[in-house]
1. Test of the criteria: in region 14-83, which trypsin sites (Lys or Arg not before Pro) are in a DSSP loop and have at most 13 other Cβ atoms within 10 angstrom of their Cβ?
2. Place a +1 charge on the Cβ of each Lys and Arg in the chain and a -1 charge on the Cβ of each Asp and Glu, then give the dipole magnitude about the Cα centre in debye, rounded to the nearest 20.
3. What residue among Tyr42, Tyr27, Tyr66 has the largest mean-square fluctuation in a Gaussian network model of the chain, using Cα springs under 10 Å?
4. Hey, what did region 2-81 get for relative contact order, percent, Cα under 8 Å, at least 6 apart?
5. With unit charges on the beta carbons (Lys and Arg positive, Asp and Glu negative) and the dipole taken about the Cα centre of region 2-81, which residue among Gln25, Tyr42, Met55 sits farthest to the positive side?
Amino acid sequence: MNKVTKEQFKEIYFKYGKAEDGWEQDYWDEFYEPDENPPMRYNIELPKTDKESRMMIVTDHGSNEYRLFFLTDDQEEDLFFSS
């Protein structure tokens, strides 16, 4: 993962986030726009292939960081539907 600024994180969020997946301005404004106390760090791992099209964001309050990364459709299904 690469450490980035909040502005770089926001740029990637809007470049890759799809409104139909819920990544809209309202979501950004509610969860990422307010300043956090303690301040959060921002990390990004860009897609390595075109198949990695599912943007995911993890909020880790224990580490005070957000992690934005991408999965394939199959990886996302496995994440949520594997037993």
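All of the numbers you see were taken from the coordinates with simple rules; none came from a lab. These numbers were taken from a predicted model, which means no experiment stands behind them. Quick reminder, even Gly has a Cβ in these numbers, built from the backbone with ideal geometry, and neighbours come from all protein chains shown.
1. Working: sites: Lys15, Lys18, Arg41, Lys48, Lys51, Arg54, Arg67; in loops: Lys18, Lys48, Lys51.
Passing both the DSSP loop test and the Cβ count: Lys18, Lys48, Lys51.
2. Values: 10 positive and 21 negative charges, 89 e Å.
Dipole magnitude for the chain comes out near 420 debye.
3. Result for the chain, Cα springs under 10 Å: Tyr27 fluctuates most.
4. Details: 90 pairs, mean separation 22.0, N = 80.
Computed over region 2-81, the figure is 28 percent.
5. Tyr42
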